[in-house]
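Novice: Got a structure for you, written out below as structure tokens; questions coming shortly.
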Amino acid sequence: MGSQSHPHPHLNGDSNTHIPKKPKLSSLPSSLFTEAEIQNEFNHHDPTVARINNGSFGCCPLSIIQSQQQLQLEFLRQPDHFYFSELKPGILKSRSLIQRLINAHHLDEISIVDNATTAAAIVLQNIAWSFAEGKFNHGDVAIMLHYAYGAVKKSIEAYVTRAGGHVIEVHLPFPVNSKDEIVFEFRKALERGKENGKKVRLAVIDHITSMPSVVIPVKELVRICREEGVDQVFVDAAHGIGCTDVDMQDIGADFYTSNLHKWFFCPPSIAFLYCRKSPGCIDLHHPVVSHEYGNGLAVESAWIGTRDYSAQLVVPKVFDFVNRFEGGIEGIKKRNHENVVEMGQMLAKAWETNLGCPPEMCASMIMVGLPACLGISSDSDTLKLRTHLREKFGVEVPIYYRAPKDGEVDVVTGLLVMGSLVLFFIIEELCLVCSATLHGFATMNSQNQRRNKLQRCK
């Protein structure tokens, strides 16, 4: 169960992936953090709450918050100077660092946007225009995973379905036992999409699904899309940077987005959108149209009107921060993965359940089955338990409801989705999760029994 038994996985989900050596994130010499310094960087967090939900909002360090506030004050002190002299060079520097980090060929391929949802809107808006302008035919296909992020699903509905596209969902097995299961289901969906001579115009592939949480073999799925003639591939990697391996030359997608405020210590909210240099990328535009319209997506995204751009400008400081950990971002990813697997296995053993996927298919988040005796039978039940843990025990952790398949009896239907930076996650918090959840079982079961008795009396 120790972390030594779980080698650092190839976190794009492929076992034969070669990741080129990347340049160090910063050339500045820096001393490694001491434990006391790390604690100080995060002492603004509520000490009464065990936050095991880093995947939702991330955790910005104190020194980065201070740097951001300084930028905000500089803008407010003399906005015109800041706009004409500081803003564009600052965003350009941030884009250059991101380009190196993800191994993109060209700086023009990198745009900075608010979040992965905005990036999805940019890509899907272009697909909608292709339908409207007659480049795509009514009924042409877009494929996405059934476990795609809810906001992205809504965006596909708003842009693709409404424009006349036909959307096919890839229904993945769960729990997941191997990447081969994902590949098999993906191929089946592609075959359905190509029936009756239809064209598959777009594949939307998550790099890491969030609820449930699984690292998807994106490199292999992108390769399959190329073989099957899919026009464009968009990888939604909201959890990518800082959580898994991200290399544009290795993955090979047309579009790739990742937030930087979830696992890379940036303040909310900031993400990048990579658009592989090709004729099709010329017509991409930010959905908020301002004075820079027509000057390229990266330039359009760098000015969408008066607003706070400090999260985009503080990126160099974040790179310096990351380099103060042993091994930099690679070391952080490795330690997070090893520790979250160990913690997940400890809980699974205590509850006599299982993990939601093999350790090599999780990154910094892991799913742990809740005991079937809890009787979680709906999304409402998971929300009640999550609220109970927050309000009564100060534990913040997502809970996923997995509906049983036909014929299944006494199966695990509820799963904790643990996603925490082990920089400050301590074993006492894990014990709190275990005891609080078990207490939640007893409380909820007692309430269910009383409710059942009342129903029988009626």
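The values are calculated or read from the model by the stated rules, or taken from the named source; none is laboratory data. This one's a predicted model, so the numbers in the text were calculated from it and none came from an experiment. With ideal geometry, Cβ positions are generated from the backbone for all residues, glycine too; neighbour counts draw on all protein chains shown. Quick note on the areas: whole protein, heavy atoms, side chains included, nothing else; ligands and nucleic acids left out. Shrake-Rupley method; radii C 1.70, N 1.55, O 1.52, S 1.80 Å.
Novice: Given a 1.4 angstrom probe, what's the average accessible area per residue across the stretch 234-361, in square angstrom?
Specialist: 32
Novice: Could you list, in their original order, any pairs among Lys188/Lys277; Lys153/Lys392; Lys135/Lys277 whose Cα atoms are separated by more than 28 Å?
Specialist: Pairs exceeding 28 Å: Lys188/Lys277; Lys153/Lys392.
Novice: Where the accessible area of the stretch 24-128 is counted over protein heavy atoms with a 1.4 Å probe, how much of it, in %, is carbon and sulfur?
Specialist: 56
Novice: Further question: Over the stretch 26-117, average the accessible area per residue using a 1.4 Å probe and give it in Å², no decimals.
Specialist: 56
Novice: Hey, quick one: spin label on Glu157, modelled 7 Å out along Cα-Cβ, who in the stretch 129-143 has an amide N within reach, i.e. under 18 Å?
Specialist: Counting backbone N atoms under 18 Å from the label point, the list is 142-143.
Novice: So, one more: Is the shape of the stretch 230-296 rounded, prolate or oblate, going by the alpha carbon gyration tensor and its root eigenvalues a ≥ b ≥ c, with a/c under 1.5 for rounded and a/b larger than b/c for prolate?
Specialist: The shape class here is oblate.
Novice: I'd like the accessible area for Ile399, computed on protein heavy atoms only with a 1.4 Å probe and all protein chains in place. Round to 10 Å², please.
Specialist: Ile399 has an accessible surface of roughly 10 Å² with all protein chains in place.
Novice: Within 10 Å, count the other beta carbons around each residue, average over each peptide in 314-324, 158-168, 359-369, and list them highest first.
Specialist: In descending order of packing, they fall as 359-369, 314-324, 158-168.
Novice: Got a sec to turn the phi values of the stretch 188-199 into Karplus ³J(HN,Hα) couplings, 6.51 cos²θ - 1.76 cosθ + 1.60 with θ = phi - 60°, whole Hz, x for Gly and Pro?
Specialist: Rounded to whole hertz, the list is 4, 5, 5, 4, 4, x, 9, 5, 6, x, 6, 9.
Novice: As a test, work out the antiparallel percent of DSSP beta bridges whose residues both lie in the stretch 227-345, rounded to the nearest 5.
Specialist: Counting only bridges with both partners in the stretch 227-345, antiparallel ones make up about 60 percent.
Novice: What pairs from Lys88/Lys262; Lys179/Lys405; Lys219/Lys405 go past 27 Å between their alpha carbons?
Specialist: In this structure, Lys219/Lys405 lie more than 27 Å apart at Cα.
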